Amino acid sequence: MQSATSRTIGLNMGPSGRAIAQPMDVDLLEALYQHTSLERVSSAQYLAMSLWFLERELRGFSAFFKKESLSEQEHGFNFAKYIIARGQSVFLDEVTKPIQEWSNVEELITLSFQMEADVTSSVQQLYSMAERLNDTRTTVFLDPVIDEQIKAEDEMAYLLGKIKFANNDPSALLIIDNELNI
């Protein structure tokens, strides 16, 4: 007589051979891949922004955007880990070359705010899709992501407001740079 552990049990398996408790909808999986790519593109863009500020001796801004770059890289990694936890393989798209020139600080910060808004929109679309598919695992995964993303968007909106108020005045920009360097 065979024990239950030695019998062949019919498990769902992902493409990597990992056991999965709930199969993943292919459209949701594709959307998760796209979002992972968006996080990676954001990381590269923030790195380019950090370097742009460093070239202009604005070390506070540079440090802020370096931190943002690392944060986006970590977000992308967390999405990849989630995809693997769901028994799927991770496929990484090519990261597009980031923008590296801006005419002024406000233009750069405006792009940063738009990037955060785009990431928020992407996460909200993922959440809606997961809800429609009754994929509770994904909605639970996304709950803290949405909270963190709303905070990141608010922080970038605040920085954009300060930059707009500074109106490209070098003295005001140096004060903001000093605040960011803490």
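Computed from the coordinates by the stated procedures, all read-outs in this text should not be read as laboratory data. These figures come from a predicted structure and were not determined experimentally. Here the Cβ positions follow ideal geometry from the backbone for every residue, glycine too, while neighbour counts run over all protein chains shown.
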List the number of the failed condition for residue 161; all other conditions in (1) small (Gly, Ala, Ser); (2) assigned to a helix (DSSP H, G or I); (3) surrounded by 14 or more Cβ atoms within 10 Å (Cβ to Cβ) hold.
(3)
Anything in segment 62-78 that is of a type in the set (A, V, I, L, M, F, W, C) and touching a Leu at 6+ places or on another chain (Cβ under 6 Å)? List them, or say none.
64
Restricting to segment 74-84, name every residue that is surrounded by fewer than 17 Cβ atoms within 10 Å (Cβ to Cβ) and of a type outside the set (D, E, K, R).
77, 78, 84
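Quick check on segment 53-108: of everything there that is in a helix (DSSP H, G or I) and aromatic (Phe, Trp, Tyr), which residue is farthest from residue 42 (Cα to Cα)?
Of segment 53-108, the ones in a helix (DSSP H, G or I) are 53-55, 59-85, 105-108.
Going one step further and asking which of them are aromatic (Phe, Trp, Tyr), we end up with 53, 61, 64-65, 77, 79, 82.
On the way: 53: 16, 61: 16, 64: 14, 65: 11, 77: 13, 79: 14, 82: 19 Å.
Restricting to residues being in a helix (DSSP H, G or I) and aromatic (Phe, Trp, Tyr), the top hit is 82.
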What's the number of the condition residue 132 fails, among (1) over 30 Å from residue 13 (Cβ atoms); (2) surrounded by fewer than 14 Cβ atoms within 10 Å (Cβ to Cβ); (3) of a type in the set (D, E, K, R); (4) free of Cβ contacts under 8 Å to residues at least 24 places away in the same chain?
(1)
Which members of segment 164-177 meet the condition of being among the acidic types (Asp, Glu) and crowded, with 17+ Cβ neighbours inside 10 Å?
177
Do we have residue 142 as under 17 Å from residue 34 (Cα atoms) and either touching a His at 6+ places or on another chain (Cβ under 8 Å) or surrounded by 14 or more Cβ atoms within 10 Å (Cβ to Cβ) (or both) here?
yes
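Given the structure, is residue 60 touching a Lys or Arg at 6+ places or on another chain (Cβ under 6 Å), touching a residue at least 24 places away in the same chain (Cβ under 8 Å) and not polar (S, T, N, Q)? Break it down into steps so the answer makes sense when it comes.
Numbers: touching a Lys or Arg at 6+ places or on another chain (Cβ under 6 Å): no; touching a residue at least 24 places away in the same chain (Cβ under 8 Å): yes; not polar (S, T, N, Q): yes.
Taking the combined requirement at face value, the residue does not satisfy it.
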Just one of 122, 71 is touching a His at 6+ places or on another chain (Cβ under 8 Å), surrounded by 15 or more Cβ atoms within 10 Å (Cβ to Cβ), closer than 29 Å to residue 162 by Cβ and of a type in the set (Gly, Ala, Ser); which is it?
122
All-but-one check, residue 19 against (1) surrounded by fewer than 15 Cβ atoms within 10 Å (Cβ to Cβ); (2) of a type in the set (A, V, I, L, M, F, W, C); (3) farther than 24 Å from residue 140 by Cα, failing number (3)
